[in-house]
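Computed from the coordinates by the stated procedures, all read-outs in this text should not be read as laboratory data. Keep in mind that this is a model prediction, so the values were computed, not measured. Glycine also receives a Cβ, built like all others from the backbone with ideal geometry; neighbour counts cover every protein chain displayed.
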Amino acid sequence: MLKRTLILTLVLAALGTGLAACGADSTPVAAQAPQTANGVKVSVRDDLFEPGNVKVKEGQTVTFTNDGAVPHTVTGIGGATFDSGTLAPGKTFSFVAEGQGRITYVCTIHAGMKGTLEVD
């Protein structure tokens, strides 16, 4: 009986540790975007921004290219004021990252299509 209790205790402790790890910060890790001459490049295609979470330096130019087959937008939300308007396939939109912190942007045509810039 003692052996079974010990095994059950160890299993429950391991499960608790695993569940605690799942509760860790779920903020997506910012990726290093491809560099251009003056900044970084983000691809807009299908239903995503690639990479979706990008680290940039304040003052860098961020260029979004519609590499997909349908129109998209790149629209800042939550206080960010940039808006590409409708980007046809093959078109680009650029802006200079100003102010440190997190900038969230969406495609207003495709619900759920979202990305972030970490500006430092």
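Radius of gyration over Kirkwood radius for segment 39-119, both on Cα atoms: the Rg/Rh ratio is 0.92. Basic side chains Lys and Arg get +1 at the Cβ, acidic Asp and Glu get -1 at the Cβ, and with that the dipole of segment 39-119 about its Cα centre reaches some 80 debye. Going by neighbour counts of Cβ atoms within 10 Å, the residues E98, E50 line up, fewest first, as E98, E50. Local charge for S84 was computed over the other residues whose Cβ lies under 15 Å away, with Lys and Arg +1 and Asp and Glu -1, and equals +2.
Determine the sum of side-chain charges near E118: Lys and Arg each +1, Asp and Glu each -1, restricted to other residues whose C-beta is under 13 angstrom from that of E118. Charge balance in the 13 Å sphere: +1.
Compute the signed sum of charges (Lys and Arg +1, Asp and Glu -1) over the other residues within less than 10 Å, Cβ to Cβ, of E58. It works out to a net charge of -1.
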